[in-house]
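One structure below.
The values are calculated or read from the model by the stated rules, or taken from the named source; none is laboratory data. Given the structure is predicted, the values throughout are model-derived calculations rather than measurements. Reconstructed Cβ throughout: ideal geometry from the backbone, glycine too, with neighbour counts over all protein chains shown.
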Amino acid sequence: MGNNKKLHILLAEDDTNLGFVVQDNLKAMGYEVTLCIDGEQALKTFVNNNFDACILDVMMPKKGGFEVAETIRDINPEIPIIFLTAKSLQPDKVRGFTIGADDYITKPFDFQEFVLRLEAVLRRSNLLSKEDEEEINSYIIGDYELDIKNQLLKHKNSERSLTKKETKILSYLCKHKNDIAPREMILKNIWGNDDYFSGRSMDVFISKLRKYLSDDKKITITNIHGVGFKLEVEN
(Lines give C-alpha, C1' and ligand atoms only; values in the text may rest on other atoms or scores of the structure.)
Protein backbone atom coordinates (compact mmCIF):
# COMPACT_ATOMS: atom_id res chain seq x y z
CA MET A 1 0.00 0.00 0.00
CA GLY A 2 1.41 3.33 -0.94
CA ASN A 3 -1.03 5.18 1.30
CA ASN A 4 0.46 8.33 2.70
CA LYS A 5 -2.54 8.42 5.00
CA LYS A 6 -2.73 5.29 7.10
CA LEU A 7 -6.21 3.87 6.90
CA HIS A 8 -7.56 3.02 10.35
CA ILE A 9 -9.59 -0.19 10.56
CA LEU A 10 -11.77 -1.36 13.43
CA LEU A 11 -11.54 -5.14 13.72
CA ALA A 12 -14.02 -6.82 16.05
CA GLU A 13 -13.35 -10.54 16.46
CA ASP A 14 -13.79 -12.63 19.63
CA ASP A 15 -11.51 -15.43 18.40
CA THR A 16 -8.33 -13.74 19.62
CA ASN A 17 -6.01 -16.03 17.62
CA LEU A 18 -7.68 -15.11 14.35
CA GLY A 19 -7.96 -11.48 15.48
CA PHE A 20 -4.23 -11.20 16.16
CA VAL A 21 -3.27 -12.88 12.89
CA VAL A 22 -5.49 -10.56 10.83
CA GLN A 23 -4.32 -7.52 12.81
CA ASP A 24 -0.62 -8.38 12.38
CA ASN A 25 -0.95 -9.09 8.68
CA LEU A 26 -2.91 -5.91 7.97
CA LYS A 27 -0.42 -3.87 10.02
CA ALA A 28 2.40 -5.40 7.97
CA MET A 29 0.60 -4.04 4.90
CA GLY A 30 0.55 -0.51 6.31
CA TYR A 31 -2.94 -0.33 7.81
CA GLU A 32 -3.60 0.85 11.35
CA VAL A 33 -5.79 -1.74 13.09
CA THR A 34 -7.60 -1.59 16.43
CA LEU A 35 -8.74 -5.01 17.64
CA CYS A 36 -11.78 -5.45 19.90
CA ILE A 37 -12.92 -8.79 21.30
CA ASP A 38 -16.63 -8.16 21.84
CA GLY A 39 -19.41 -6.04 20.40
CA GLU A 40 -19.71 -3.59 23.29
CA GLN A 41 -16.00 -2.82 23.28
CA ALA A 42 -16.18 -2.39 19.49
CA LEU A 43 -18.99 0.17 19.71
CA LYS A 44 -17.27 2.14 22.48
CA THR A 45 -14.06 2.17 20.49
CA PHE A 46 -15.88 3.23 17.34
CA VAL A 47 -17.55 6.17 19.08
CA ASN A 48 -14.27 7.41 20.58
CA ASN A 49 -12.07 7.16 17.49
CA ASN A 50 -12.04 7.90 13.78
CA PHE A 51 -12.14 4.82 11.60
CA ASP A 52 -12.08 4.37 7.83
CA ALA A 53 -13.59 0.88 7.75
CA CYS A 54 -14.99 -1.82 10.06
CA ILE A 55 -14.51 -5.58 9.95
CA LEU A 56 -17.04 -7.19 12.29
CA ASP A 57 -17.47 -10.79 13.34
CA VAL A 58 -21.17 -11.69 13.29
CA MET A 59 -21.17 -13.90 16.39
CA MET A 60 -19.66 -12.00 19.33
CA PRO A 61 -20.33 -11.86 23.05
CA LYS A 62 -22.26 -8.90 24.57
CA LYS A 63 -23.35 -7.58 21.19
CA GLY A 64 -23.35 -9.35 17.84
CA GLY A 65 -21.86 -7.90 14.69
CA PHE A 66 -25.25 -7.06 13.15
CA GLU A 67 -26.32 -5.06 16.18
CA VAL A 68 -22.98 -3.23 16.27
CA ALA A 69 -23.27 -2.51 12.54
CA GLU A 70 -26.77 -1.05 12.90
CA THR A 71 -25.55 1.44 15.50
CA ILE A 72 -22.43 2.25 13.46
CA ARG A 73 -24.62 2.85 10.39
CA ASP A 74 -26.74 5.32 12.43
CA ILE A 75 -23.59 7.24 13.36
CA ASN A 76 -21.91 6.99 9.97
CA PRO A 77 -24.02 5.82 7.01
CA GLU A 78 -21.03 5.81 4.63
CA ILE A 79 -18.34 3.79 6.43
CA PRO A 80 -17.49 0.46 4.75
CA ILE A 81 -18.48 -2.58 6.83
CA ILE A 82 -17.31 -6.13 6.17
CA PHE A 83 -18.81 -9.02 8.12
CA LEU A 84 -16.86 -12.11 9.10
CA THR A 85 -19.02 -15.13 9.67
CA ALA A 86 -18.56 -18.81 10.37
CA LYS A 87 -22.05 -19.44 9.10
CA SER A 88 -22.85 -19.46 5.41
CA LEU A 89 -26.56 -19.25 6.20
CA GLN A 90 -28.56 -17.36 3.61
CA PRO A 91 -30.87 -15.45 6.03
CA ASP A 92 -27.79 -14.15 7.82
CA LYS A 93 -26.33 -12.82 4.61
CA VAL A 94 -29.60 -11.17 3.68
CA ARG A 95 -29.71 -9.48 7.07
CA GLY A 96 -26.11 -8.34 6.72
CA PHE A 97 -26.69 -6.80 3.32
CA THR A 98 -29.95 -5.19 4.52
CA ILE A 99 -27.96 -3.41 7.25
CA GLY A 100 -25.65 -2.25 4.49
CA ALA A 101 -22.72 -4.65 4.52
CA ASP A 102 -20.14 -3.95 1.84
CA ASP A 103 -18.98 -7.54 1.84
CA TYR A 104 -19.36 -10.79 3.65
CA ILE A 105 -16.43 -13.12 4.26
CA THR A 106 -17.00 -16.66 5.50
CA LYS A 107 -14.49 -18.23 7.89
CA PRO A 108 -12.11 -19.93 7.49
CA PHE A 109 -10.79 -17.67 4.75
CA ASP A 110 -7.61 -17.39 2.74
CA PHE A 111 -5.80 -14.21 3.81
CA GLN A 112 -4.90 -13.26 0.22
CA GLU A 113 -8.54 -13.37 -0.80
CA PHE A 114 -9.52 -11.48 2.35
CA VAL A 115 -7.09 -8.66 1.48
CA LEU A 116 -8.25 -8.48 -2.14
CA ARG A 117 -11.85 -8.20 -1.00
CA LEU A 118 -11.01 -5.61 1.64
CA GLU A 119 -9.11 -3.54 -0.92
CA ALA A 120 -12.00 -3.84 -3.39
CA VAL A 121 -14.36 -2.45 -0.74
CA LEU A 122 -11.93 0.38 0.11
CA ARG A 123 -11.56 1.22 -3.58
CA ARG A 124 -15.32 1.33 -4.08
CA SER A 125 -15.50 3.74 -1.14
CA ASN A 126 -12.69 5.79 -2.72
CA LEU A 127 -10.44 5.18 0.30
CA LEU A 128 -7.89 3.38 -1.85
CA SER A 129 -7.19 4.94 -5.16
CA LYS A 130 -5.58 3.13 -8.07
CA GLU A 131 -2.39 5.18 -7.58
CA ASP A 132 -1.99 3.82 -4.06
CA GLU A 133 -1.52 0.41 -5.53
CA GLU A 134 0.53 1.34 -8.56
CA GLU A 135 3.29 -1.18 -8.85
CA ILE A 136 6.65 0.30 -8.01
CA ASN A 137 9.09 -0.43 -10.84
CA SER A 138 12.38 -0.21 -9.00
CA TYR A 139 13.96 0.04 -5.55
CA ILE A 140 17.31 1.47 -4.55
CA ILE A 141 19.07 -0.75 -1.99
CA GLY A 142 22.34 0.86 -0.95
CA ASP A 143 24.64 0.66 -4.00
CA TYR A 144 22.19 -1.60 -5.83
CA GLU A 145 19.09 -0.97 -7.87
CA LEU A 146 16.38 -3.61 -8.21
CA ASP A 147 14.65 -3.27 -11.56
CA ILE A 148 11.42 -5.20 -10.94
CA LYS A 149 9.97 -5.09 -14.43
CA ASN A 150 13.08 -6.50 -16.09
CA GLN A 151 14.06 -8.71 -13.12
CA LEU A 152 17.53 -7.20 -12.88
CA LEU A 153 19.76 -6.37 -9.94
CA LYS A 154 22.08 -3.57 -11.02
CA HIS A 155 25.32 -2.68 -9.25
CA LYS A 156 27.68 0.03 -10.48
CA ASN A 157 28.49 -1.15 -14.01
CA SER A 158 27.16 -4.66 -13.79
CA GLU A 159 23.77 -6.29 -13.69
CA ARG A 160 22.51 -9.72 -12.69
CA SER A 161 19.35 -11.37 -14.01
CA LEU A 162 17.07 -12.58 -11.24
CA THR A 163 14.40 -15.26 -11.35
CA LYS A 164 10.79 -14.27 -10.86
CA LYS A 165 10.82 -15.59 -7.29
CA GLU A 166 14.07 -13.82 -6.39
CA THR A 167 12.64 -10.57 -7.74
CA LYS A 168 9.40 -11.01 -5.81
CA ILE A 169 11.13 -11.82 -2.52
CA LEU A 170 13.59 -8.96 -2.81
CA SER A 171 10.91 -6.44 -3.72
CA TYR A 172 8.80 -7.67 -0.78
CA LEU A 173 11.77 -7.11 1.54
CA CYS A 174 12.35 -3.67 -0.03
CA LYS A 175 8.74 -2.76 0.57
CA HIS A 176 9.32 -3.47 4.26
CA LYS A 177 12.88 -2.07 4.33
CA ASN A 178 14.27 -1.58 7.88
CA ASP A 179 11.13 -3.28 9.13
CA ILE A 180 10.27 -6.94 9.68
CA ALA A 181 8.68 -8.72 6.73
CA PRO A 182 6.70 -11.50 8.47
CA ARG A 183 7.79 -14.97 7.42
CA GLU A 184 4.31 -16.31 6.73
CA MET A 185 3.35 -13.21 4.74
CA ILE A 186 6.32 -13.76 2.40
CA LEU A 187 5.44 -17.44 2.07
CA LYS A 188 1.74 -16.88 1.46
CA ASN A 189 2.36 -14.05 -1.00
CA ILE A 190 5.06 -15.77 -2.99
CA TRP A 191 4.66 -19.52 -2.46
CA GLY A 192 0.93 -19.49 -1.80
CA ASN A 193 1.31 -21.51 1.41
CA ASP A 194 3.50 -21.59 4.49
CA ASP A 195 4.32 -25.28 4.87
CA TYR A 196 7.69 -26.68 5.92
CA PHE A 197 9.01 -27.23 2.38
CA SER A 198 8.15 -23.72 1.23
CA GLY A 199 9.89 -22.44 4.35
CA ARG A 200 13.08 -24.36 3.54
CA SER A 201 12.90 -23.15 -0.05
CA MET A 202 12.55 -19.54 1.13
CA ASP A 203 15.65 -19.87 3.35
CA VAL A 204 17.65 -20.98 0.31
CA PHE A 205 16.42 -17.96 -1.68
CA ILE A 206 17.28 -15.57 1.15
CA SER A 207 20.85 -16.98 1.28
CA LYS A 208 21.18 -16.38 -2.47
CA LEU A 209 19.95 -12.80 -2.14
CA ARG A 210 22.45 -12.18 0.67
CA LYS A 211 25.21 -13.35 -1.68
CA TYR A 212 23.96 -11.13 -4.53
CA LEU A 213 24.00 -8.07 -2.25
CA SER A 214 27.30 -8.88 -0.52
CA ASP A 215 29.35 -6.22 -2.37
CA ASP A 216 27.70 -3.51 -0.29
CA LYS A 217 28.61 -3.98 3.37
CA LYS A 218 25.87 -1.56 4.47
CA ILE A 219 23.20 -4.10 3.50
CA THR A 220 22.11 -6.93 5.79
CA ILE A 221 19.20 -9.34 5.62
CA THR A 222 18.62 -10.48 9.18
CA ASN A 223 16.65 -13.59 10.07
CA ILE A 224 14.50 -12.81 13.11
CA HIS A 225 13.96 -16.35 14.29
CA GLY A 226 10.40 -17.58 13.88
CA VAL A 227 9.17 -14.08 12.97
CA GLY A 228 10.53 -13.02 9.62
CA PHE A 229 13.31 -11.22 7.78
CA LYS A 230 14.56 -7.68 7.94
CA LEU A 231 16.36 -5.95 5.08
CA GLU A 232 18.47 -3.25 6.66
CA VAL A 233 20.46 -0.61 4.84
CA GLU A 234 22.76 1.66 6.83
CA ASN A 235 22.65 5.26 5.72
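Here are the numbers:
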quantity	calculated
Pairs where the first residue, in the range 206-227, is part of a loop (DSSP other than H, G, I, E, B) and the second is surrounded by 14 or more Cβ atoms within 10 Å (Cβ to Cβ) and small (Gly, Ala, Ser), C-beta under 6 Å, 6+ apart	Asp216/Gly142; Lys218/Gly142
Filter result (surrounded by fewer than 16 Cβ atoms within 10 Å (Cβ to Cβ) and in contact (Cβ under 8 Å) with a residue 12 or more places away in the chain) within the range 160-179	Arg160, Thr163, Lys164, Lys165, Lys177, Asn178, Asp179
Those residues of the range 10-19 which are surrounded by fewer than 21 Cβ atoms within 10 Å (Cβ to Cβ) and either in contact with an Asp or Glu (Cβ under 9 Å, 6 or more places away or on another chain) or outside the structural domain of Ser125 (by TED's automatic domain parsing) (or both), in sequence order	Asp14, Asp15, Leu18, Gly19
Filter result (over 15 Å from the mean Cα position of the chain (by Cα) and not in a helix (DSSP H, G or I)) within the range 159-192	Glu159, Arg160, Ser161, Leu162, Thr163, Lys177, Asn178
The range 56-111, subset of a type in the set (Lys, Arg) and either over 30 Å from Asn193 (Cβ atoms) or in contact with a Phe, Trp or Tyr (Cβ under 9 Å, 6 or more places away or on another chain) (or both), residue modelled with the lowest pLDDT	Lys93
Set Val47, Val21, Val68: member being closer than 17 Å to Glu113 by Cα and among the β-branched types (Val, Ile, Thr)	Val21
Test: residue in the range 72-84 that is within 17 Å of Glu13 (Cβ to Cβ) and part of a loop (DSSP other than H, G, I, E, B)	yes
Complete set of residues in the range 24-44 that are assigned to a helix (DSSP H, G or I), within 14 Å of the chain's Cα centre (by Cα) and crowded, with 20+ Cβ neighbours inside 10 Å	Leu26
Residue in the range 62-79 that is among the charged types (D, E, K, R), surrounded by fewer than 17 Cβ atoms within 10 Å (Cβ to Cβ) and either touching a strand residue (DSSP E or B) at 6+ places or on another chain (Cβ under 6 Å) or free of Cβ contacts under 8 Å to residues at least 12 places away in the same chain (or both) present	yes
Residue in the range 1-54 that is nearest to Thr85 (Cα to Cα), counting only those that are acidic (Asp, Glu) and in contact (Cβ under 8 Å) with a residue 40 or more places away in the chain	Glu13
Residue in the range 31-48 that is under 29 Å from Cys174 (Cα atoms) and of a type in the set (Ser, Thr, Tyr) present	yes
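Condition check ((1) at pLDDT 90 or above; (2) in contact with a helix residue (DSSP H, G or I) (Cβ under 9 Å, 6 or more places away or on another chain); (3) assigned by TED's automatic domain parsing to the domain that holds Lys218) across all residues:
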{"position": "Asn126", "(1), (2), (3)": "no, no, no"}
{"position": "Leu153", "(1), (2), (3)": "yes, yes, yes"}
{"position": "Arg160", "(1), (2), (3)": "yes, yes, yes"}
{"position": "Lys165", "(1), (2), (3)": "no, yes, yes"}
